[in-house]
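To start, the structure itself, in structure tokens.
The values are calculated or read from the model by the stated rules, or taken from the named source; none is laboratory data. Source: prediction; values computed, not measured. We place every Cβ from the backbone using ideal geometry, glycine too, and count neighbours over all the protein chains shown.
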Amino acid sequence: MFESSRREFLKRAAGGLGGLALTQVPFSERSLLSWLGNACAFAAVPNLSRVEARYYQKLEHLEVECRICPRKCRVGDRERGYCGTRENRDGTYYTLVYGKPCSLAIDPIEKKPFFHYMPGSTAFSFATAGCNMNCKYCQNWDISQVRPEQTENLDLPPRALVKLAREKGAPIIASTYSEPIVFYEYVCDTAREGRRQGLRNVMITAGYIQPEPLAELCKVLDAVKVDLKAFTEKFYKEVVHGELSPVLETLKGLKRAGVWHEIVYLVVPTLNDQEGDLKAMCQWIMKELGPDVPLHFSRFTPMYLLKNLPPTPVSTLEKAHQIAKGAGLNYVYIGNVPGNPYEHTYCPNCDKILIGRMGYTILQNYIRKGKCQFCGHPIPGVWK
Amino acid sequence: MIIRSASLQTMPKPRVVIIKAPKFQFQPGVAQDSLMDRMLSLAMTKFTGKADPRDAWARFFNPKSVVGAKLNCLAGKWLSTSLPLAYAVAQGLKSVGVKEGNIIFWERMNSELKEAGYPLNYEGPGLRCFATDTNGVGYDSDLTVSGEVGSRVSRVLSSYVTHHINLPLVKDHTIPGLSAGMKNFYGAIHNPNKYHDNHCDPYVADVYSLPPIKSKNVLTILDATRIQYNFGPAYKAQWVENYNALIVGTDPVALDSVALKILEDIRRQKSMPTLEKAGRPVKYLATAADSSHRLGEYRLTKIEVIEAEVI
């Protein structure tokens, strides 16, 4: 019965090789390329990078320990870390996403959101696949919770990215959408090149990073928006697969380094909207970061693995706003509710609207030389 | 009066068959080996109790079956599912009328298949062999959820095949402790990197419980011709034992429990600590057997193990 030869097996199995294309096109290539317009020279490529990663330790038996984030993945040969973007090959750890963005866009800086950083500016925004957390409500999960071979990646090394940003007239480069910490090397080198060419650099992150790489990053970043997911370790463990305490250390590190930072807190009904937790968080911000850190309470929308909860009631967001103001924070916002009065920036001294907003649009701006036009009260931020 | 439901009556023990061939010699690039053919035929007849291998295969497959066979090719040509086993499986399937074009050997990435020595063939005549990353294959666009796992499943498994055979290896793995049958399905989802915390527990059990896997995988054949008994899953030549066996069964938990016993025995013979003492306890087996998963039996005393040898 089993008389076929090896040659026959190989011949038969190889029969259709001629027509086999091995490229991967799971996501929309056309939209990305059409958006790039004149930059189509940067053709979409399916390949990954193989650039040695920074911040890792070589161990015995070809293992490595990643030191980028507090997870400190111990990774065997031919395996990847939790983020899926770093791979151990023969005891050397590589980033697979250096210069390989899967998402590019020009966004208003308000979309990040930054409300006290260059209002009305545009940010050339980029991301690669991957994330070092796994939030059950992630809105970008189709790029953050996949491996980089499952996304449509462009070949856009730092210098080319900066050139493109300049061509598009964006004064700011933003690493965002997924989690820039997992494309750390790409962020660092792009920011360094951007700064050299007169652009500014911002990062949108969950802040789950080790102090040493953070300190290095702070040398080239101008502003950071941190998603503070909750104020309990329980939530971090169960809902986003991370830890709270390193994120708090990141916020303190940003303050020490003098990098402008704003905080977003996505209020998820029943999971992180307890009054006591919100009070404790606001008190911590007051004590450790001061009253002038902008705090954005954002509305949750059912998404990804968390579709069984309703959108956050506006009343819950307004209650959170009230708690934060009561704790002494000066700049508290409500996000993802266009038209809400707490989208505006108010002067904490005269209470007048200084920056009026509707969604991502600036309606008016009465801040002059960093001060309230009406009463002269200084307003913290980076205004030009 | 006590009324017992049928499910509470004595259930037969799950059966696991181990067939050894001391003279088998693995060689990369060799696609067919008569000793392997005999090992598999004997394994199938012992497992099913049928005298004729064809009848044994017919218990699982029919001429209309489209059969996927997930290989394990992570570790390159020296430690991947052996080509002679794939060949023998194909012969067994063909013996009951499954068409060659309806037999698909597959992996995550074509690069892994090529490195292991498998010739790629997506749509040409003959046996098919391709990976999920082949153009037009990919993963489901929707997530499938099972316990703590939410993943896109390879379309090879969810869309292409009606039946599935799992063809993994037996390895020590520095995170879950054991990489054998159930862990092989990490290669069937888009985000395996998310499921290595806590020694992969409960994730291995949750992944196996994903409906396309649990419902379609009808047979597991562990390629235990070589066992990586330390510091897997990558190939480390100094810690590979030529065990020269196939392990066959349908209960995924029982199979992995038997594989674990073999792995621990080898480690003990080599004066190595147990996996638990080495810091990688195999936690997922008890979870797979618990009341929320019910994937099979993990207690060795409750498993019928049949051993035989091919000379």
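What to note about this one:
- Any hit, the range A:103-123, residues being within 12 Å of chain B (Cβ to nearest Cβ), on the phi < 0 side of the Ramachandran plot, part of a loop (DSSP other than H, G, I, E, B) and buried (at least 21 other Cβ atoms within 10 Å of the Cβ): no
- Test: B:L222 is within 14 Å of chain A (Cβ to nearest Cβ), more than 22 Å from A:R74 (Cα to Cα) and either within 10 Å of the chain's Cα centre (by Cα) or β-branched (V, I, T) (or both): no
- Residue count for the range A:213-256 satisfying the condition of being under 23 Å from A:Q274 (Cα atoms), touching a residue at least 24 places away in the same chain (Cβ under 8 Å) and touching a Leu at 6+ places or on another chain (Cβ under 9 Å): 13.
- Filter result for A:L244 (of a type in the set (A, V, I, L, M) and touching a helix residue (DSSP H, G or I) at 6+ places or on another chain (Cβ under 8 Å)): yes
- Of all residues in the range B:168-194, those being among the hydrophobic types (A, V, I, L, M, F, W, C) and outside any strand (DSSP E or B) number 5.
- Residue within the range A:303-314 that is on the phi > 0 side of the Ramachandran plot and outside any helix (DSSP H, G or I) present: yes
- Members of the range A:254-277 found to be closer than 21 Å to A:P302 by Cα and outside any strand (DSSP E or B), listed by number: A:V268, A:P269, A:T270, A:L271, A:N272, A:D273, A:Q274
- The range A:250-274, residues that are of a type outside the set (A, V, I, L, M, F, W, C), in contact with a helix residue (DSSP H, G or I) (Cβ under 9 Å, 6 or more places away or on another chain) and surrounded by fewer than 19 Cβ atoms within 10 Å (Cβ to Cβ): A:K252, A:K255, A:R256, A:G258, A:P269
- Only one of the numbered conditions (1) farther than 19 Å from A:L217 by Cβ; (2) at pLDDT 95 or above; (3) more than 14 Å from chain B (Cβ to nearest Cβ) is not met by A:E87, and that is (3).
- You will find that of A:I353, A:I362, A:I367, A:I334, the residue that is surrounded by fewer than 19 Cβ atoms within 10 Å (Cβ to Cβ), in contact (Cβ under 8 Å) with a residue 12 or more places away in the chain and touching a Phe, Trp or Tyr at 6+ places or on another chain (Cβ under 9 Å) is A:I353 and no other.
- The set of residues from the range A:361-373 being out of contact with any Gly (no Cβ under 7 Å at 6 or more places or on another chain) and farther than 15 Å from A:H116 by Cβ comprises A:T361, A:Q373.
- Filter result for A:R67 (at pLDDT 95 or above, in contact with a Phe, Trp or Tyr (Cβ under 6 Å, 6 or more places away or on another chain) and either more than 9 Å from every other protein chain (Cβ to nearest Cβ) or more than 19 Å from A:E243 (Cβ to Cβ) (or both)): yes
- Condition met for A:A174 (of a type in the set (A, V, I, L, M, F, W, C) and part of a helix (DSSP H, G or I)): no
- All of (1) touching a Lys or Arg at 6+ places or on another chain (Cβ under 6 Å); (2) over 19 Å from A:G207 (Cα atoms) hold for A:T301 with one exception: (1).
- Summed over the range A:152-171, the residues that are touching a strand residue (DSSP E or B) at 6+ places or on another chain (Cβ under 8 Å) and either outside any helix (DSSP H, G or I) or more than 20 Å from A:E216 (Cβ to Cβ) (or both) give a count of 11.
- Screening A:T301, A:T345, A:T316 for residues that are of a type outside the set (A, V, I, L, M), out of contact with any helix residue (DSSP H, G or I) (no Cβ under 7 Å at 6 or more places or on another chain), buried (at least 17 other Cβ atoms within 10 Å of the Cβ) and under 24 Å from A:I109 (Cα atoms) leaves exactly one candidate, A:T345.
- Test: residue in the range B:268-288 that is among the acidic types (D, E), buried (at least 16 other Cβ atoms within 10 Å of the Cβ) and not in a helix (DSSP H, G or I): no
- Answer residue from the range A:278-313, given it is of a type in the set (A, V, I, L, M) and under 18 Å from the mean Cα position of the chain (by Cα) and is farthest from the other protein chains (Cβ to nearest Cβ) among those: A:L295
- Condition check for B:L74: crowded, with 24+ Cβ neighbours inside 10 Å, in contact (Cβ under 8 Å) with a residue 60 or more places away in the chain, within 12 Å of chain A (Cβ to nearest Cβ) and not acidic (D, E): yes
- Residues within the range B:226-246 that are surrounded by fewer than 23 Cβ atoms within 10 Å (Cβ to Cβ) and either touching a His at 6+ places or on another chain (Cβ under 9 Å) or within 14 Å of chain A (Cβ to nearest Cβ) (or both), tallied: 8
- Residue check for A:L317: part of a strand (DSSP E or B) and either out of contact with any Leu (no Cβ under 6 Å at 6 or more places or on another chain) or among the aromatic types (F, W, Y) (or both): no
- Pairing residues of the range A:265-291 that are touching a residue at least 12 places away in the same chain (Cβ under 8 Å) and farther than 21 Å from A:N330 by Cβ with residues that are assigned to a helix (DSSP H, G or I) and of a type outside the set (S, T, N, Q), at Cβ distances under 7 Å and at least 6 apart in sequence or on separate chains, gives A:L271/A:F235; A:L271/A:V239; A:N272/A:F235.
- Under the condition of being part of a strand (DSSP E or B) and in contact (Cβ under 8 Å) with a residue 60 or more places away in the chain, the residues counted in the range B:230-260 number 9.
- Residue satisfying all of: in the range A:223-281; touching a strand residue (DSSP E or B) at 6+ places or on another chain (Cβ under 9 Å) and basic (K, R); nearest to A:H116 (Cα to Cα) among these: A:K225
- Look at the range A:123-134: where a residue is of a type in the set (F, W, Y) and a partner is assigned to a loop (DSSP other than H, G, I, E, B) and crowded, with 24+ Cβ neighbours inside 10 Å, sitting 6+ places away or on another chain with Cβ atoms under 7 Å, you get A:F126/A:P101.
- With a requirement of 3 or more residues that are modelled with pLDDT under 95 and within 11 Å of chain A (Cβ to nearest Cβ), none of the strands (runs of 3 or more DSSP E) lying completely within the range B:115-167 satisfies it.
- Filtering the range A:347-384 to residues that are among the hydroxyl-bearing types (S, T, Y) and in a loop (DSSP other than H, G, I, E, B) leaves A:Y360, A:Y366.
- In the range A:159-172, the residues that are without any contact (Cβ under 8 Å) to a residue 60 or more places away in the chain reach residues that are assigned to a helix (DSSP H, G or I) with C-beta atoms within less than 6 angstrom, at least six apart or across chains, in these pairs: A:R159/A:E193; A:V162/A:E193; A:V162/A:G194.
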